[in-house]
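Encoded as structure tokens, the structure appears first; notes follow it.
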Amino acid sequence: MSTIAVENPGRTGATDDAQLNASFARQPILNRDGMLCGYELKIRAPQWPAEALADLDPDTHDDTDTDADDRNTRAGRALTPAQRVARAIIRGLAESNVRGALTGHPAYIDTSRDMLLDDAIERLPAERFLFELPHDIHVDEELIARIVLLHGRRYRFVLDDVTQPNETFAKLLPYAEAIKIDMTRAPAALLPKLTSVLKSAGKLLIASGLDTQAAFETAHGMGFDRFQGYFFARAQTSMTRRVSAPRHALLNLLQLLAGDPTVAQLEAELKLNPVLVMHLMKLANSSGFAVGHKVTTLREAINATGTDRIARWTQLLLYADGRKVALEDDPLLQLAATRARFMELAVERLPEAGRDEADAAFLTGVFSFVDAVFGGSLESTLNVLTLSRPIQAAILHREGVLGQLLAAVEALENGAWDTLAARCAQLAPLTVEEVGHMGLAAGAWAGVADRSAEGLERIED
């Protein structure tokens with residue numbers, strides 16, 4: 001996950017809409033093959049001081065939105081504080097930088113009644129957004145009519161946080177394309193029958209709250225179609241995480257790179273691994289490293305690319321799925337790359353940070369998941385990688401500034417806004433909103449990862 005903060009430009013003034021900043025936490029959704037197929041955007045609503053809300057003029061209209069189809073504008077009605085917040089969220093979702101962080105995948109978004117009833121929501125492209133309906137939303141004729149209208153315009157709906165059927169569930173079920181079931185709270189005895197009935201009705205089933213491989217396998221066996229949680233980033237004791245030969249080759253290459261090798265040493269190591277040579281040649285001949293002519297030898301490729309870039313490329317390849325998987329669909333690689341890039345961007349905002357600190361932050365982020373690749377003890381794997389003591393202390397014990405940043409990005413990934421705010425208080429001058437912008441940039445970077453310049457188009461064992 002990365003978290004996205006969007007500032008909404010508007011009029012000046014103590015209580016105007018320019019203060020309404022929404023943040024979005026990106027959480028991966030996987031398909032039955034374990035590949036990325038979407039993201040849920042957890043929303044941190046714009047924060048208004050209580051005194052600012054109390055001072056709002058009830059006759060003030062939202063002049064920043066002049067859409068001719070806006071029902072509130074046409075009716076001449078004022079926007080309530082709740083409606084202003086809903087509109088700020090919609091405006092934030094429509095920003096191109098938010099869409100960039102989705103890396104081509106659809107977004108599942110938590111919606112409120114105010115958001116659904118606001119015509120501004122139709123600015124969101126129907127093919128890119130699915131609207132999640134909360135289990136406690138107030139359902140009446142007005143809401144049903146609105147959902148029917150949006151449904152006719154090809155907007156899709158998801159019943160969110162379902163634990164067992166209730167009256168709201170029954171009223172909204174006909175309009176829902178998918179049902180999201182919280183596997184941590186739904187009664188286990190009810191699940192088989194519930195899933196069977198919903199599958200027979202043609203509904204897409206999404207299992208949320210999956211933090212272990214066992215939970216994923218249980219949901220998979222019940223026929224769920226989508227899976228949300230961080231089970232794929234956990235170390236496994238089963239053989240599902242057995243290290244492949246190419247990963248061993250990558251580990252050997254990383255160990256060599258840590259010792260400031262000569263070009264001849266790198267050339268000798270790479271020649272033992274044809275797959276690595278293939279990717280390095282793509283990397284060297286990309287537009288980002290063009291040297292005026294086509295690179296045809298391994299030595300030229302090493303010189304054109306440089307050891308620093310080879311090291312980062314190798315670190316990311318370490319997480320790649322063994323199948324032929326596009327980078328933007330690989331959940332573990334995306335998570336590791338996003339976290340690493342976020343760490344690098346965030347540390348540069350702290351006092352007295354330099355290039356060495358940025359490099360250390362990137363390493364801290366990228367290797368914080370390494371046990372998910374190799375299994376076994378995280379500490380022993382970090383020792384093999386010969387990482388510095390501050391980096392190991394950050395990963396193992398969340399110590400030091402790097403450890404605090406790592407804890408902050410974990411809060412981002414989980415959408416734990418209060419925890420994030422507490423972490424930011426320890427990482428001044430960073431704020432939740434600023435950290436969110438960095439999360440957006442990190443997510444977009446990881447999704448594209450400059451594929452033409454980093455040779456990560458396809459990962460082949």
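The values are calculated or read from the model by the stated rules, or taken from the named source; none is laboratory data. The structure presented is a predicted model; accordingly, all values stated were derived computationally and were not measured. For neighbour counting, all protein chains shown are included, and Cβ atoms are generated from backbone atoms with ideal geometry for every residue, glycine included.
What number of residues in region 1-51 are at pLDDT 85 or above and of a type in the set (Ser, Thr, Tyr)?
So the answer is 2.
Does region 92-106 include one or more residues that are at pLDDT below 50, among the hydroxyl-bearing types (Ser, Thr, Tyr) and buried (at least 16 other Cβ atoms within 10 Å of the Cβ)?
No, the conditions are met nowhere in region 92-106.
Could you check how many residues of region 178-208 are assigned to a loop (DSSP other than H, G, I, E, B) and among the charged types (D, E, K, R)?
2
Could you please let me know if THR419 is part of a loop (DSSP other than H, G, I, E, B), of a type outside the set (A, V, I, L, M, F, W, C) and touching a helix residue (DSSP H, G or I) at 6+ places or on another chain (Cβ under 9 Å)?
no
When the residues of region 105-121 are narrowed to those that are outside any helix (DSSP H, G or I) and out of contact with any strand residue (DSSP E or B) (no Cβ under 7 Å at 6 or more places or on another chain), which ends up nearest to ARG87 (Cα to Cα)?
Checked region 105-121; the qualifying residue nearest to ARG87 (Cα to Cα) is ASP118.
Could you list, in sequence order, the residues of region 330-371 that are farther than 17 Å from PHE232 by Cβ and not in a helix (DSSP H, G or I)?
The answer is GLU348, ARG349, LEU350, PRO351, GLU352, ALA353, GLY354.
Could you say whether any residue in region 182-202 is more than 22 Å from GLN83 (Cα to Cα), modelled with pLDDT of 95 or more, buried (at least 17 other Cβ atoms within 10 Å of the Cβ) and of a type in the set (Gly, Ala, Ser)?
no
Does any residue of region 156-166 turn out to be touching a residue at least 12 places away in the same chain (Cβ under 8 Å), hydroxyl-bearing (Ser, Thr, Tyr) and closer than 19 Å to LEU30 by Cβ?
no
Return a yes/no flag: does region 378-397 have any residue that is among the charged types (D, E, K, R) and surrounded by 18 or more Cβ atoms within 10 Å (Cβ to Cβ).
no
Out of (1) assigned to a loop (DSSP other than H, G, I, E, B); (2) in contact (Cβ under 8 Å) with a residue 12 or more places away in the chain, the odd one out for ALA428 is which?
Only one criterion in (1) assigned to a loop (DSSP other than H, G, I, E, B); (2) in contact (Cβ under 8 Å) with a residue 12 or more places away in the chain is unmet by ALA428, namely (2).
Kindly indicate whether any position in region 176-196 is touching an Asp or Glu at 6+ places or on another chain (Cβ under 6 Å) and not β-branched (Val, Ile, Thr).
Scanning region 176-196 turns up at least one residue that is touching an Asp or Glu at 6+ places or on another chain (Cβ under 6 Å) and not β-branched (Val, Ile, Thr).
Check ALA428 against each of (1) modelled with pLDDT of 85 or more; (2) under 20 Å from the mean Cα position of the chain (by Cα) and name the one condition it does not meet.
Failing condition for ALA428: (2).
Report whether or not THR64 is over 30 Å from PHE227 (Cβ atoms) and at pLDDT 85 or above.
So THR64 does not fit the description; no.
Limited to region 125-145, what total is found for residues that are surrounded by fewer than 17 Cβ atoms within 10 Å (Cβ to Cβ) and assigned to a helix (DSSP H, G or I)?
4
Within region 174-188, track down each residue that is free of Cβ contacts under 8 Å to residues at least 24 places away in the same chain and under 18 Å from ILE144 (Cβ atoms).
The one that is free of Cβ contacts under 8 Å to residues at least 24 places away in the same chain and under 18 Å from ILE144 (Cβ atoms): PRO174.
Among (1) part of a helix (DSSP H, G or I); (2) at pLDDT 90 or above, which single condition is SER380 missing?
(2)
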